[in-house]
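What follows is a single structure, written as structure tokens, with notes after it.
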Amino acid sequence: MSPLPCVNLSITIHKPYIKVYDFLADPMNFPLWASGLAKGLKKWGHVWMAETDNGMMKVKFSERNEYGIVDHSIFLSAENEIRIPMRVLINKTGSEVLFTLFRQPDMNEEKFAADIGWVEKDLKALKTLLEGR
């Protein structure tokens, strides 16, 4: 199987790295800016579940770490995991948030373009939330 096509999206946030990382490292903050998880997120034991337009889905979040990694995965089914790499980088007195979006095998160009727009909207919501506008 060939590698999936992808785009890397980023946004500059005028807040210190540690504030941005701490916010993103807490899964309970994702519904505040990630519209795909906006209906709610619950933890049952070690498993996170998100209420989505397509019903309940398992979500896995990376553990806190010293590298700014805030990856997460969404499980459409037990066999179908969509990995979403994210990073927070120090950018002088601010931060850069990087988001990699993979085009899924069954996704046409139009749907992929729509997903890119969706992620860009969510990243702008994150910026607005963290910068307090």
Q | Cleavage-rule hits (trypsin sites (Lys or Arg not before Pro)) in the stretch 1-73: DSSP loop, at most 15 neighbouring Cβ within 10 angstrom | A | Lys39, Arg64
(Q) Given the -39500 (n - 2.57) contribution per DSSP H run of 4+ residues, what per-residue ellipticity at 222 nm results for the chain, rounded to the nearest 500 deg cm²/dmol? (A) -8000 deg cm²/dmol
Q.
Whole angstrom only: what separates the Cα centroid of the stretch 70-129 from the Cα centroid of the stretch 1-37?
A. 7 Å
Q: Taking mean projected area of the Cα convex hull in nm² as the quantity of interest, determine which of [x] 8.0; [y] 8.7; [z] 17.8 was computed from the displayed structure.
A: [y]
Q.
Using Cβ contacts closer than 10 Å as the measure, can you line up His46, His72, His14 from fewest to most?
A. His46, His14, His72
Q | GluC sites (Glu not before Pro) within the stretch 43-133, DSSP loop, no more than 11 other Cβ atoms inside 10 Å | A | Glu63, Glu66, Glu79
(Q) Please give me, ordered by residue number, the chymotrypsin sites (Phe, Trp or Tyr not before Pro) of the stretch 28-92 that lie in loop per DSSP and have at most 15 other Cβ atoms within 10 Å. (A) Tyr67
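Computed from the coordinates by the stated procedures, all read-outs in this text should not be read as laboratory data. Computed from a prediction, not measured in an experiment: that's the story for all the values here. Here Cβ is always computed from backbone atoms with ideal geometry, including for glycine, and neighbour counts include all displayed protein chains.
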